[in-house]
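The values are calculated or read from the model by the stated rules, or taken from the named source; none is laboratory data. Keep in mind that this is a model prediction, so the values were computed, not measured. Cβ atoms come from the backbone with ideal geometry, glycine included; neighbour counts cover every protein chain shown. Heads up: the accessible areas ignore ligands, DNA and RNA and are worked out on the full protein's heavy atoms, side chains in. Shrake-Rupley method; radii C 1.70, N 1.55, O 1.52, S 1.80 Å.
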Amino acid sequence: MTQTRRIFTFVLRLLALAATVSATIVMVNSHDSTRVLNLTFKAKFSDSPTFTYFVIVEAIVSGYNLIILLLSSKGSLWRIVIILDVVAALLLTSSMSAALTIAQVGKKGNTHAGWLPICGQVSKFCNHVSGALVAGILAAIFYYVLNLFTLYNVLNPLFVAKPN
C-alpha cells in the first residue's frame with residue numbers, strides 16, 4: 001500500500017475513533033429530570049436497553065479502532081482486520097437504527113400505542129441523545145468509506161488489465 005493510501009486510511013480511522021468516542025461520552029452523560037405534579041421524572045440513557053446497546057457498541061468499536069491504530073500496517077493480520085471492519089460497520093449500523101427508533105419515539109411519541117413524547121419535559125436529555133446519534137452516524141459513515149476504500153485497494157489489482 002502506498003504512503004498516500006496509508007495516510008488516508010489512518011485519517012479515516014482517527015475520524016471514526018473521534019466520532020465513536022464522542023458518541024459514547026455524550027450518550028453516557030445524557031440525563032435530565034423534571035417535576036410533574038410533585039413527582040420527579042428522571043431520564044438517563046441506562047433506562048433504555050437500546051441506548052445501552054448503542055453505548056456498548058460505540059465503546060467496543062472505539063477500543064477496536066484504537067488497537068488497530070496501534071498495530072503495524074505491515075503485519076499479516078490485515079486480512080482479519082478487513083473482516084472485522086465490516087463487522088464493526090454493521091454493528092454501528094444496527095445500534096444506530098435501534099437508537100434512532102427509540103429517539104424518534106421519545107421525540108414524537110406514538111399515539112397508536114399511547115406513548116407520549118418526553119422531549120418537551122427533558123429537553124437536555126433529548127439534546128444529548130441527538131448529539132450522540134449524530135456522532136454515531138458520522139462514525140458509521142467513516143467506517144463505510146473505510147470499508148469501500150479498503151476493498152477497492154484489495155480488489156483493484158484484479159480489475160487492472162495486464163498488457164500483453
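Can you say whether Phe8 is aromatic (Phe, Trp, Tyr), open to solvent by 60 Å² or more (accessible area, probe 1.4 Å), modelled with pLDDT of 85 or more and not in a strand (DSSP E or B), as far as the supplied structure shows? Show your work before the answer.
Details: aromatic (Phe, Trp, Tyr): yes; open to solvent by 60 Å² or more (accessible area, probe 1.4 Å): yes; modelled with pLDDT of 85 or more: yes; not in a strand (DSSP E or B): yes.
For Phe8, the condition - aromatic (Phe, Trp, Tyr), open to solvent by 60 Å² or more (accessible area, probe 1.4 Å), modelled with pLDDT of 85 or more and not in a strand (DSSP E or B) - is met.
Name the one entry in Ala99, Ala89, Ala43, Ala16 that is closer than 12 Å to Leu133 by Cα and crowded, with 20+ Cβ neighbours inside 10 Å. Walk me through how you get there before you give the answer.
Numbers: Ala89 fails: closer than 12 Å to Leu133 by Cα; Ala43 fails: closer than 12 Å to Leu133 by Cα; Ala16 fails: closer than 12 Å to Leu133 by Cα.
Within the list Ala99, Ala89, Ala43, Ala16, the selection yields Ala99.
Hey, among Val81, Val26, which residue is in contact with a helix residue (DSSP H, G or I) (Cβ under 7 Å, 6 or more places away or on another chain), part of a helix (DSSP H, G or I), touching a residue at least 24 places away in the same chain (Cβ under 8 Å) and surrounded by 12 or more Cβ atoms within 10 Å (Cβ to Cβ)? Lay out the reasoning, then the answer.
On the way: Val81 fails: touching a residue at least 24 places away in the same chain (Cβ under 8 Å).
None of the other options fit; the residue is Val26.
Does Ile68 count as within 19 Å of the chain's Cα centre (by Cα), of a type outside the set (Lys, Arg) and open to solvent by less than 20 Å² (accessible area, probe 1.4 Å)? Spelling it out, Ile68 is indeed within 19 Å of the chain's Cα centre (by Cα), of a type outside the set (Lys, Arg) and open to solvent by less than 20 Å² (accessible area, probe 1.4 Å).
Residues of segment 47-63 that are open to solvent by less than 40 Å² (accessible area, probe 1.4 Å) and free of Cβ contacts under 8 Å to residues at least 60 places away in the same chain: Ser48, Thr50, Val55, Val57, Ser62, Gly63. State whether the residues of segment 111-118 include one that is more than 28 Å from Ile68 (Cβ to Cβ), open to solvent by less than 30 Å² (accessible area, probe 1.4 Å) and not in a helix (DSSP H, G or I). No, segment 111-118 contains no residue that is more than 28 Å from Ile68 (Cβ to Cβ), open to solvent by less than 30 Å² (accessible area, probe 1.4 Å) and not in a helix (DSSP H, G or I).
Residues to consider are Thr52, Thr101, Thr40, Thr93; find the one that is at pLDDT below 80 and outside any loop (DSSP other than H, G, I, E, B). From the options Thr52, Thr101, Thr40, Thr93, the qualifying one is Thr40.
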